[in-house]
Each structure stands twice: as structure tokens, then as C-alpha cells.
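Reviewing the structure listed below.
The values are calculated or read from the model by the stated rules, or taken from the named source; none is laboratory data. Every value quoted in this text rests on a predicted model; they were computed, and no experiment measured them. So basically every Cβ, Gly included, is an ideal-geometry build from the backbone, and we count neighbours across all protein chains shown. All accessible areas refer to the heavy atoms of the entire protein, side chains included, with ligands and DNA or RNA removed. Shrake-Rupley method; radii C 1.70, N 1.55, O 1.52, S 1.80 Å.
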Amino acid sequence: METTRAVVFTNIIIAVSSLFIVGSVSGGGSLFFNFYGNSCPAVEFVVRNAVTSSSSSDPSIPGKLLRLLFHDCFVEGCDASLMLRGNNTELSDPANRSIGGLSVIDLAKRDLEMLCPQTVSCADIIALAARDAVTITGGPMIPIPTGRRDGVVSVVSNVRPNIVDTSFTMDQMINLFSTKGLSLIDLLVLSGAHTIGAAHCSSIQSRFQETSNGKFTLIDKTLDSNYANDLIQQCPTGVSPSVTVNNDPETSLVFDNQYYRNLMNNKGLFPSDSALLIDGRTRKLVEDLANDQQLFFQSWGQSFLKLTSIGVKTGDEGQIRRFCGATN
């Protein structure tokens, strides 16, 4: 029965996702494999080198690069709008102030501008860097098409209506993902990004209540009590806003299917994680992914292609920025 469900799940993913390998989701034109084959053949090497060297000195970089991709693509599409600095840009929103990995993108962009001036977009660098972040932490190597161009619009008011809050219900997440051309299966699979990375203590405080003696107590009964106690130890009342806790308490630096095994043990860090196990629409699929890492990797490849194609700008749209932090 488990094998049958896994095969059916894989076939559904392939059927739904195959349309988006070279096209774009929610607008934009087409992307192409080896887009820079003639104009900048070293692009993937340069980006991978920036990711690898940065991650060797800071192991938190891969998780930050994945988060950067999600927050960029869900607002204005995958166009590096999140990279634009300035007043009232997307980076001004509290949800984005803790975004990391920007320096890695800037490093790769600097090197590429020396090799291939005004040729490679920041949007493509972000997508390739996130792909490489998965690979160097043990996940699958996914060939992705390129040809994205950089956007020129970055407005703080566009952020909150377009990103998932950690307290979202399943219906809220499904509705938001559907506006991006992503399915329920994509939602479940892409949530597996939480197998690496970390979150600030403030993002989980809704699961606890402060008692009269100034201690936290668990009020969210969907969370394993022992895991909850561990979290309280790491994130006590009055903890510094800079303190973080690993998304995955078991293998936080490895891209694997441990995230789904954690869910099965009621150890999802966020309420939005726990919702995937509780909801009847996704519980069996969580079980499949928890039991089969190869299935997760195959599924990740398909959903990641769709994620990196959301609302892309191609052809004459947008521009190729000289610096990722500012329009030309």
C-alpha cells in the first residue's frame, strides 16, 4: 500500500509539474536551459563557488538562501525585487529584515560583472544559489532553466499579502499558493525547505503562554511536550530578538526528509508545519515523504522548478541590474 501511494504521488507530481519546466508560472515569458551558454558559460560555476565558500565559513547560509528565494518569488515574482535597498522597499517589512544571504548574491554578482558585464540577472543568481544551497547540504542537484530578468518595483506594502505567516491555517496556505500557480502537493513538498535553516524565537511564541512566574507554558497541544520543553529552554521569556532555533531539531544542516519524520512525531516548529500533519488532505502525503527520501527528492525537483518560475520577467521585461541593490 505504501509503495502504491508513493507511485501515485510521484505520477501526479510529474503530470502537474512538467508543464512548467521551461515556462513561467503566474505571468512572464519563457526560461531556457543553458541560457548563458554563449554569453556567460561560467555562470553556474561562479554562483556555486560563492555559495560554497560562504557556507564553509557560515553553515547557516544555505537555509538563508532558500528563504531568500521564497520571499523574493512570492512577491512580484522571481525578479530579485527583494534585493533592492531603500525606503519602503520589500526589505523594509519586518518579515524581511532578518533575511540573510544577500551578501552571497552580491558576491556572485560582483564576480560575474567582471567576467560578463551586465549579462547575468540577479534573479537568476538567486535561483541558482538556492538550488546550490540544497545540493551542498545533501539534497538533489536540479538543472534549472535561466533567462530571468530583474524587476524595478519593490514596495513594502506588497509583502504581507503575498508571503506565508507561520500561524497560517491550511486553507490560508492553499489559497496563497494557488495564487502563485502552486498546488497542494507543491505546498507540502516546498514546506520541506524547513529541513534546513533557523527561525527567530518570536516566530513560535504563539504556541506558548507566559505564566505569572514569568515562564512559558505550552498551550498548543499539537506540539510534542518534550520538544516544546526544549524550545522553551532555547527561547525563554525575555530572550534576545536575535536568538534563533533550528527549523529541524534533528539534522539542521542536512537537506533530507527528516522534516517530515519530525512532523510525524509532532515536532513541526511552526503552527503552519503542524497543520500539514493534522489536515486530512495532506496527512497521508506527509507519511509518504517521511518514509521515502528519494520520493521527497524527486518531488522537490519538480516543485522547485515551479517555484523558481513564478512570475518571471523575460525578453524585454525588466532589466539586468549592474548591482543587485539598485536599479540601473
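With the requirement that a residue be in a loop (DSSP other than H, G, I, E, B), of a type outside the set (D, E, K, R) and under 18 Å from residue 67 (Cα atoms), what does the range 83-117 give you? It would help to see each step written out before you state the result.
Of the range 83-117, the ones in a loop (DSSP other than H, G, I, E, B) are 84-89, 93-101, 116-117.
Still in the running and of a type outside the set (D, E, K, R): 84, 86-89, 94-96, 98-101, 116-117.
Those that are in a loop (DSSP other than H, G, I, E, B), of a type outside the set (D, E, K, R) and under 18 Å from residue 67 (Cα atoms): 84, 89, 94, 95, 96, 98, 99, 100, 101.
Conditions (1) in a helix (DSSP H, G or I); (2) in contact with a strand residue (DSSP E or B) (Cβ under 8 Å, 6 or more places away or on another chain); (3) at pLDDT below 95, marked per residue:
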| residue | (1), (2), (3) |
| --- | --- |
| 123 | yes, yes, no |
| 126 | yes, no, no |
| 131 | yes, no, no |
| 135 | yes, no, no |
| 141 | no, no, no |
| 152 | no, yes, no |
| 157 | yes, no, no |
**Study point:** Where residue 245 falls short, out of the listed (1) assigned to a loop (DSSP other than H, G, I, E, B); (2) in contact (Cβ under 8 Å) with a residue 40 or more places away in the chain
**Key:** (1)
Check your understanding: Within the set of pairs 6 or more residues apart or between chains, which connect a residue that is more than 24 Å from residue 276 (Cα to Cα) and open to solvent by 30 Å² or more (accessible area, probe 1.4 Å) inside the range 213-237 to a residue that is part of a strand (DSSP E or B) and of a type outside the set (Lys, Arg) with Cβ atoms less than 8 Å apart?
Key -> 216/208; 216/209; 216/210; 234/245; 236/216; 237/210; 237/216
Review point. Taking interchain pairs and intrachain pairs at least six residues apart, which have beta carbon atoms under 6 angstrom, with the first residue in the range 293-304 and over 17 Å from residue 262 (Cα atoms) and part of a helix (DSSP H, G or I) and the second open to solvent by 10 Å² or more (accessible area, probe 1.4 Å) and among the hydrophobic types (A, V, I, L, M, F, W, C)?
Key: 301/142; 304/142
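For residue 316, state whether it is farther than 21 Å from residue 182 by Cα, out of contact with any strand residue (DSSP E or B) (no Cβ under 6 Å at 6 or more places or on another chain) and outside any strand (DSSP E or B).
yes
Checking the condition open to solvent by less than 50 Å² (accessible area, probe 1.4 Å) and under 18 Å from the mean Cα position of the chain (by Cα), which residue from 105, 136 passes? Break it down into steps so the answer makes sense when it comes.
On the way: 136 fails: open to solvent by less than 50 Å² (accessible area, probe 1.4 Å).
It is 105.
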Exercise for review: Exactly one condition in (1) surrounded by fewer than 24 Cβ atoms within 10 Å (Cβ to Cβ); (2) closer than 30 Å to residue 174 by Cβ; (3) not hydrophobic (A, V, I, L, M, F, W, C) is not met by residue 52; state its number.
Suggested key: (2)
Practice item. Can you give me the number of residues within the range 144-202 that are more than 21 Å from residue 96 (Cα to Cα), touching a Phe, Trp or Tyr at 6+ places or on another chain (Cβ under 8 Å) and open to solvent by 20 Å² or more (accessible area, probe 1.4 Å)? Key: 4
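For the structure I just gave you, tell me whether residue 72 is charged (D, E, K, R), in a helix (DSSP H, G or I) and open to solvent by less than 30 Å² (accessible area, probe 1.4 Å). Before you say what the answer is, go through the steps one by one.
Numbers: charged (D, E, K, R): yes; in a helix (DSSP H, G or I): yes; open to solvent by less than 30 Å² (accessible area, probe 1.4 Å): yes.
Yes.
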Practice item. Test residue 86 against the stated conditions and say whether it is on the phi > 0 side of the Ramachandran plot and open to solvent by 10 Å² or more (accessible area, probe 1.4 Å). Key: yes
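Pick out the one residue from 238, 318, 325 that is more than 25 Å from residue 173 (Cβ to Cβ), modelled with pLDDT under 95 and of a type outside the set (Val, Ile, Thr). Break it down stepwise before answering.
Numbers: 318 fails: modelled with pLDDT under 95; 325 fails: modelled with pLDDT under 95.
Of the residues listed, the single one that is more than 25 Å from residue 173 (Cβ to Cβ), modelled with pLDDT under 95 and of a type outside the set (Val, Ile, Thr) is 238.
Report yes if residue 238 is outside any helix (DSSP H, G or I) and within 30 Å of residue 36 (Cβ to Cβ), otherwise no. Full working, then the answer.
Details: outside any helix (DSSP H, G or I): yes; within 30 Å of residue 36 (Cβ to Cβ): no.
When the stated conditions are applied, residue 238 does not pass them.
Quick check on the range 179-191. Is at least one of its residues among the basic types (Lys, Arg), touching a Ser or Thr at 6+ places or on another chain (Cβ under 8 Å) and touching a residue at least 60 places away in the same chain (Cβ under 8 Å)?
Applying the first criterion (among the basic types (Lys, Arg)) to the range 179-191 yields 180.
Add one more test, that the residue is touching a Ser or Thr at 6+ places or on another chain (Cβ under 8 Å), and what stays is 180.
Checking which are touching a residue at least 60 places away in the same chain (Cβ under 8 Å) leaves us with 180.
Yes, there is a match, as at least one residue in the range 179-191 is among the basic types (Lys, Arg), touching a Ser or Thr at 6+ places or on another chain (Cβ under 8 Å) and touching a residue at least 60 places away in the same chain (Cβ under 8 Å).
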Review point. So is residue 206 open to solvent by 60 Å² or more (accessible area, probe 1.4 Å), part of a loop (DSSP other than H, G, I, E, B) and more than 19 Å from residue 252 (Cα to Cα) or not?
Key: no
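For the range 253-260, does any single residue satisfy the condition of being touching a Gly at 6+ places or on another chain (Cβ under 8 Å), part of a loop (DSSP other than H, G, I, E, B) and farther than 14 Å from residue 189 by Cα? So that I can check it myself, show each step before the final result.
Just the residues of the range 253-260 that are touching a Gly at 6+ places or on another chain (Cβ under 8 Å), to begin with: 254-257, 259-260.
Of the ones still in play, those that are also part of a loop (DSSP other than H, G, I, E, B) are 254-257.
Still in the running and farther than 14 Å from residue 189 by Cα: 254.
Yes.
Could you count how many residues in the range 271-317 are more than 20 Å from the chain's Cα centre (by Cα) and open to solvent by less than 40 Å² (accessible area, probe 1.4 Å)? So that I can check it myself, show each step before the final result.
Keep residues of the range 271-317 that are more than 20 Å from the chain's Cα centre (by Cα), which gives 278-281, 283-284, 287-288, 291-292, 314-317.
Okay, now just the ones that are also open to solvent by less than 40 Å² (accessible area, probe 1.4 Å), so 279, 287-288, 314.
Matching residues across the range 271-317 total 4.
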Review point. Is it the case that residue 268 is over 20 Å from the mean Cα position of the chain (by Cα) and either modelled with pLDDT under 95 or outside any helix (DSSP H, G or I) (or both)?
Key: no
